[in-house]
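Notes follow the structure.
Just so it is clear, none of the values below were taken in a lab; they were calculated from the coordinates. In this text, all values refer to a predicted model and were calculated from it rather than measured experimentally. Counting neighbours? That spans all protein chains shown, and the Cβs are built from the backbone with ideal geometry, glycine included.
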């Protein structure tokens, strides 16, 4: 019996092993006879979606709790941004030019991880999507600093294995985008967004909306690369049109370097969530 259990009943794992050793008969081969929690075909049924959602929420939550990780620094950014040494192979000149942000992400993750090491790898733990590009740079910087980092992957038709720098037992895989997004932000002490594409924009606006509407505490929300962000998003036009308020433009800050981002986070005065939405 597992000494950590608080029950005198026989545990599920033991029964699952026992069930695997039963006599082979037409009855025991029938799908109906499988233990429900060990029946993958049953768990993947349409009606079991609420259970699968709960499992995807619980598994990373429990494992992160077991590691006593209390806060993270989230890095969002493009999977196609190359390391500087590989900039010559980039598909476009813009991607080649953006390779400097791979290096800034790596240096930033190093600095934050050094801060995390002082807390016993419990606070300021780097969290990325676990893929290539900026995500790889974040996990790489954490490893180079001698710390841990989290990778929150998602199953995609073309997806490769997680980048090699993610701490193996903190590398998670998701089916549901919504649950993955929750795990990005549940422990976030800062959100750092590097240049990227649709996925990065999705994550940026999802997180920014939660802060704008008071559903999430104010945290440092840093956009790396003012030129890139002002070129693809006309922030002032949104304000002038009245679709957002001028105060909403203060919910984020532009930074250019890892050092600048670290300074903003270190000087941040914790702020509670908004209790109203300006302009409404």
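Stokes-Einstein D for the stretch 43-104 at 4 °C, 1.567 mPa s, Kirkwood Rh over Cα pairs, in µm²/s? For these conditions, the coefficient is 85 µm²/s.
In deg cm²/dmol and to the nearest 500, what is the mean residue ellipticity at 222 nm of the chain if only DSSP H runs of at least 4 residues count, each as -39500 (n - 2.57), divided by the residue total? Intermediate results must be reported in sequence, preceding the final value.
Working: 12 runs with 117 residues, N = 280.
Theoretical 222 nm ellipticity from helices: -12000 deg cm²/dmol.
Pairing the Cα long axis of helix 99-117 with the longest principal axis of the chain, what angle in degrees results, from 0 to 90 and rounded to the nearest 10? It is inclined by approximately 60 degrees.
Shape class of the stretch 25-66 from the alpha-carbon gyration tensor: oblate, with a/c at 1.5 or above and b/c at least as large as a/b. For the stretch 27-61 and the stretch 229-280, what is the separation of their C-alpha centers, rounded to whole Å? Centre-to-centre (Cα) distance: 43 Å.
Could you tell me whether the stretch 70-266 comes out rounded, prolate or oblate from its Cα gyration tensor? Rule is a ≥ b ≥ c as square roots of the eigenvalues, rounded for a/c under 1.5, then prolate if a/b exceeds b/c, otherwise oblate. Rounded. Each part gets one Cα centre, and for the stretch 73-141 versus the stretch 172-195 those centres are 15 Å apart. When Rg and the Kirkwood radius Rh are both evaluated on Cα atoms of the stretch 10-116, their ratio Rg/Rh stands at 1.24. Result for the chain in a Gaussian network model with C-alpha springs under 10 Å: among 190, 237, 137, the largest mean-square fluctuation is at 237.
Can you compute the FRET efficiency between residue 85 and residue 230 using 1/(1 + (r/R0)^6), with r the Cβ-Cβ distance and R0 = 25 Å? Round to the nearest 0.05. The partial results should precede the final answer.
Values: r = 28 Å, r/R0 = 1.13.
That pair, residue 85 with residue 230, gives E of 0.30.
When both bridge partners sit in the chain, DSSP labels roughly 5% of those beta bridges antiparallel.
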